Amino acid sequence: MSARKILVTGGSGFIGSALVRRLVRDGHQVRVLDDNSRGRPRRLDGIENDIEFVGGDIRNFETVVAAARGMDEVHHLAFVNGTEFFYSQPELVLDVGVKGMVHVIDACRRHGIGTLILASSSEVYQTPPHIPTAEDAPLVVPDPMNPRYSYGGGKIISELMAINFGRKYFERVLIFRPHNVYGPDMGFEHVVPQFALRFRKAAAGSPTGPVPFTIQGSGLETRSFCFIDDLVEGVMTMRARGEHLNIYHVGTTEEISIADVARLIARHAGRPLDLLTSPRLEGSTGRRCPDISKLAALGYKPRVLLAQGLPRTVDWYWEHDHFAPKS
């Protein structure tokens with residue numbers, strides 16, 4: 001695919017910045033739109049002179065219109081992620097998600113941009129009807145009174161808008177649903193960094209013997225964690241070979257219990273673990289693992305096992321705990 005001018009919204013976010021780096025490496029002209037409210041400029045260290053950075057809020061239409069001017073395609077990733085935000089600031093999650101999608105589509109239409117790539121989420125299923133879960137599983141908001149579903153609901157709205165406007169106004173719309181992407185500098189509101197930092201604190205408080213460590217739920221809940229490098233490969237595979245108005249899972253079929261995630265961290269630290277359980281948050285999902293055969297048919301193959309990617313991620317958080325929000 002020849003060099004293109006590409007706008008990445010949310011480009012200083014965890015996934016966004018990784019995609020920006022890959023697009024730059026592949027020779028594209030990249031413009032990033034982010035207000036850095038949750039994105040971090042450090043994630044773009046070393047390529048600052050290779051991109052154009054536009055500081056601005058996705059909720060401001062004129063900002064989005066200006067950022068999209070002259071672009072050939074838009075990769076829309078600006079959204080508020082992190083489970084703790086779903087519960088604490090659901091109105092912000094929806095405000096950014098829905099307004100952002102409206103503004104991106106309208107800006108593309110104004111400038112005649114024919115290609116839109118949208119980042120969705122595995123949260124659109126909530127509790128999947130079957131495991132592994134294919135892209136045609138029903139999208140569900142089980143309870144509008146539960147603030148957790150602000151995120152999944154916002155992503156469902158985004159998908160509906162991208163697909164239905166895409167039929168008439170776009171040449172190519174592609175949607176990817178990431179499944180539990182992790183890696184160094186992914187933020188502090190997710191299970192892997194939270195486990196890493198809580199375990200080290202607990203270990204310091206119990207210098208000998210098993211480390212007491214409490215998790216939400218029984219520990220039997222499962223996820224399939226996808227290392228950031230594999231996510232980028234999956235999105236690039238979709239971009240190169242995906243079909244218009246299609247949705248693709250990006251993830252891995254390596255399903256693991258949350259208890260075993262904690263055990264892997266303890267093993268990496270060289271300490272025994274005393275695992276304690278607690279009630280699961282209302283609305284959380286007991287099991288999640290994607291069917292990735294649709295993207296695999298295009299050539300995608302995840303390569304980084306959790307046993308390889310988790311230590312690299314945990315080490316980053318232990319070395320950079322000074323970046324953690326102060327409570």
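Computed quantities for the displayed model
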read-out: Filtered residues of the stretch 193-237 (kept if under 21 Å from Leu281 (Cβ atoms), in contact with a Phe, Trp or Tyr (Cβ under 9 Å, 6 or more places away or on another chain) and not in a helix (DSSP H, G or I)); value: Phe213, Ile215, Phe225
read-out: Residue match in the stretch 179-189 (condition: acidic (Asp, Glu), under 23 Å from Val20 (Cβ atoms), at pLDDT 95 or above and in a helix (DSSP H, G or I)); value: no
read-out: Every residue from the stretch 229-276 that is among the aliphatic types (A, V, I, L, M) and on the phi > 0 side of the Ramachandran plot; value: Leu245
read-out: Residues satisfying the stated conditions in the stretch 301-327, i.e. assigned to a loop (DSSP other than H, G, I, E, B) and within 20 Å of Thr252 (Cβ to Cβ); value: Lys301, Pro302, Arg303, Val304, Leu305
read-out: Enumerated strands (runs of 3 or more DSSP E) restricted to the stretch 37-135, each holding at least 3 residues that are closer than 18 Å to Leu174 by Cα; value: 73-76, 115-119
read-out: Residue identified as aromatic (Phe, Trp, Tyr), closer than 15 Å to Thr133 by Cβ and surrounded by 14 or more Cβ atoms within 10 Å (Cβ to Cβ) among Tyr300, Tyr248; value: Tyr248
read-out: Complete set of residues in the stretch 102-140 that are more than 16 Å from the chain's Cα centre (by Cα), of a type in the set (A, V, I, L, M) and at pLDDT 95 or above; value: Val102, Val104, Ile105, Ala107, Ile113, Leu116, Ile131, Ala134, Ala137, Leu139
read-out: Of the criteria (1) surrounded by fewer than 16 Cβ atoms within 10 Å (Cβ to Cβ); (2) within 22 Å of the chain's Cα centre (by Cα); (3) over 21 Å from Val93 (Cα atoms), which one Gly55 fails; value: (3)
read-out: First in the stretch 291-319 and at positive phi, second anywhere and of a type in the set (S, T, N, Q), Cβ under 6 Å, 6 or more apart; value: Gly299/Thr237
read-out: Any hit, the stretch 159-169, residues being touching a Leu at 6+ places or on another chain (Cβ under 6 Å), in contact (Cβ under 8 Å) with a residue 40 or more places away in the chain, of a type in the set (Phe, Trp, Tyr) and farther than 27 Å from Glu255 by Cα; value: no
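The values are calculated or read from the model by the stated rules, or taken from the named source; none is laboratory data. The model shown is predicted, which means the values in this text are computed figures rather than measured ones. Note that we place each Cβ from the backbone using ideal geometry, even for glycine, and neighbour counts take in every protein chain shown.
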